[in-house]
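So the structure is just underneath, and the comments pick up after that.
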Amino acid sequence: DLNSNSQHLRFGAMASGYAQEEAARAPAAAAEASRWRQVFEAVMRRILHDYQGTDAEVRNGMEKGMRSLFEKPYEAELGKVLNSDPLPLEDAQRIIFFPRLSDTKVYAKAFSMKTPEKTARREQVMKFKLMSVFYTLHRLDGGLVDRFMHFGGLQSLVDLLGEEHRVIQSQAIELLTEFLSPQMQLQATMSSRQAHIQHQVYLCLKSGAFWRNLGAILEESGEVFPRSHASCIRLLGAAIGWLRPEPGTVPEAGAPPDMGVALDALKRCLEQGPGLAPDVRGAAEEILEELQEAPTLRADPLRGQELKEAEEALFDAEAQTEEDSAHAWQALRKLGNEAFGAGLVWPAEAAYRLALEDGAAALPEAEASLISSNRALSLLKAGHPAEAAEAAAEALARDPRNVKAAYRRAQALLEQSTSSSSPLSLAREAVVAAEAAAKLDSKDAKIIEMLDKAKKRAEELAVTAAPQEAEGLEDMD
């Protein structure tokens with residue numbers, strides 16, 4: 001099981017080693033002022049969730065490594081990936097922990113980089129850290145995975161199979177299997193976007209690196225990571241099945257480059273490799289039989305003018321910006337909801353605030369109202385009623401029918417009235433907000449209770465204020 005405790009031990013040790021390497025670097029004071037500072041705690045919770053029940057040393061090692069990565073996110077090395085100057089700190093932090101859809105291009109390019117340890121050690125470490133974060137976090141986001149594949153991410157995972165790093169290899173083959181499996185089961189493409197992903201599947205499975213790197217793992221006399229030989233055999237079998245020409249279609253001449261490498265490795269694996277389960281051995285024998293017949297390939301699902309038009313639409317700058325914004329507000333709202341549910345009030349508030357900022361270009365008013373209302377609730381829980389009242393007012397400005405926003409504004413104003421220099425004015429505003437909520441939902445018991453409390457508070461303050469106003473009339477000017 002790649003998610004077993006032994007796998008966690010390797011991941012934690014790797015992260016701990018990264019942290020030690022970074023310890024000598026100067027403190028990252030700028031990270032404390034980063035716009036991502038608070039919401040990073042919500043991401044940290046997500047990362048550590050999978051380490052519940054594991055050894056404390058492993059969990060602490062992963063946490064230390066990730067915090068170090070947030071403080072020093074390889075701005076210069078990420079700039080090299082993009083052929084640019086070093087990135088601003090916040091941009092680098094975003095790419096690693098809060099990526100836009102378009103940022104997945106960085107992952108695809110980084111995973112394919114040649115990084116010899118002797119001459120490109122920092123680039124190699126950056127690449128492996130990006131893989132660790134992608135494997136732990138971003139694989140769970142369907143939008144990011146989809147865009148990653150459009151950018152050639154499948155081929156970049158194949159390149160990672162060639163690394164002399166067993167944890168990275170195991171992560172790469174697991175992600176390849178996970179991402180390819182649903183694509184291989186599709187019977188027909190329904191859109192140019194889907195056809196483009198099928199095109200990327202074709203390029204991945206046809207590439208010489210796919211057959212060469214899987215063959216190299218099969219060449220090993222023993223398992224190099226859990227179920228390494230079985231995983232490679234199953235992936236080879238799936239590839240052959242998918243590449244097989246469909247009935248009634250004209251096949252592409254010739255076998256993929258380096259298919260012979262995988263063929264020879266499979267022979268040796270069957271003859272002298274580790275013990276294989278009967279079903280895996282049977283699958284390997286079937287693959288061997290088909291490979292020996294020099295199979296032909298199906299045609300590329302998308303090519304020529306259709307491919308050009310699909311890529312022009314996919315990678316249009318304006319369209320990508322809009323998709324980035326739409327993904328940002330949805331991802332950050334989800335992160336905020338998770339954080340709030342876990343009692344992380346300030347990380348939740350930060351996530352909602354950033355969702356409003358980064359999603360503004362594509363954020364519907366009704367959704368913006370809901371996010372602002374959630375932010376108001378976070379501020380209430382944090383003991384900041386004045387800011388909560390403002391956030392609730394913003395929610396109502398976007399959608400006057402948001403009953404929760406009206407209720408939370410009444411609650412915030414009422415709480416604020418207990419410590420303000422003008423409590424009566426605030427209590428009367430609370431009554432107005434509570435009445436608005438009651439008009440939207442007259443049967444909600446909490447709303448009725450809030451309206452009663454607001455009216456009672458306003459009446460009490462009005463009685464107290466009346467003598468003071470009368471005394472004021474007798475004062476000399």
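For the range 255-330, go through all pairs of different Cα atoms, get the mean of 1/r, take its inverse, and jot down that Kirkwood value in Å.
So the Kirkwood estimate lands at 16.7 Å.
Only helices at least 15 Å long along their own axis, judged from Cα atoms, and with Kyte-Doolittle mean hydropathy of 1.0 or greater: name those in the chain from DSSP H.
Result, helices passing both filters: 228-243.
Give the share of C-alpha pairs in each 5 angstrom bin for the range 324-396, from 0 to the last occupied bin, in whole percents, shortest bins first.
Each 5 Å bin holds this share of Cα pairs: 3, 22, 29, 25, 15, 4, 1.
Given a 1.4 Å probe and every protein chain left where it sits, what share in percent of the accessible area of the range 354-435 is carbon and sulfur?
49
For GLU219 and LYS114, compute 0.36 nm times the residue count separating them, minus their Cα-Cα distance, and round to one decimal in nm.
35.6 nm
Take ILE448, ILE371 and sort them by solvent-accessible surface of the protein heavy atoms, 1.4 Å probe, largest at the top.
I get ILE448, ILE371, largest accessible area first.
Any chance you could look up the accessible area of SER425 with a 1.4 Å probe, heavy atoms only, rounded to 10 Å²?
60
What distance in nm lies between label points placed 7 Å from Cα along the C-beta direction at SER422 and LEU186?
My value for the distance between the label points is 6.0 nm.
Return the loop-located chymotrypsin sites (Phe, Trp or Tyr not before Pro) in the range 254-347 (DSSP other than H, G, I, E, B) with at most 15 other Cβ atoms within 10 Å of their own Cβ; answer none if there are none.
PHE315
Multiplying the sequence separation of ARG281 and ALA33 by 0.36 nm and subtracting their Cα-Cα distance, what value in nm do you get?
83.6 nm
May I ask you to derive the relative contact order of the range 73-224, considering only C-alpha pairs under 8 Å and at least 6 residues apart, and to give it as an integer percent?
Rounded, it is 19 percent for the range 73-224.
Please report, as a whole percent, how much of the solvent-accessible surface of the range 101-223 comes from carbon and sulfur atoms (probe radius 1.4 Å).
Ligands and nucleic acids excluded, carbon and sulfur give 51 percent.
Would you mind working out the accessible area per residue for the chain, using a 1.4 Å probe, and quoting it in Å²?
About 47 Å² of surface per residue is accessible.
Quick one: compute the contact order of the chain, relative version, from alpha carbon pairs under 8 angstrom and 6+ residues apart, as a percent.
10
Let me test this: with uniform point scatterers at the alpha carbons of the chain, what is the Debye-based log₁₀ I(q)/I(0) at q = 0.06, 0.08, 0.09, 0.11 1/Å?
Taking Cα atoms of the chain as identical point scatterers yields -0.39, -0.62, -0.74, -0.98.
Could you state the orientation-averaged shadow area of the convex hull built on the Cα atoms of the range 165-264, in nm² to one decimal?
Value for the range 165-264: 7.0 nm².
Say each of LEU82 and ASP146 gets a label point 7 Å from the Cα, pointing the same way as Cα to Cβ; how far apart are those two points in nm?
Modelled inter-label distance: 2.4 nm.
Within the range 205-314, which chymotrypsin sites (Phe, Trp or Tyr not before Pro) sit in a loop by DSSP and count at most 15 neighbouring Cβ atoms inside 10 Å?
none
The values are calculated or read from the model by the stated rules, or taken from the named source; none is laboratory data. Nothing here was measured: the structure is a model prediction, and the numbers come from that model. Every residue, glycine as well, gets a Cβ built from its backbone with ideal geometry; the counts of neighbours run over all protein chains shown. Heavy atoms of the whole protein, side chains included, go into the accessibility calculation; ligands, DNA and RNA do not. Shrake-Rupley method; radii C 1.70, N 1.55, O 1.52, S 1.80 Å.
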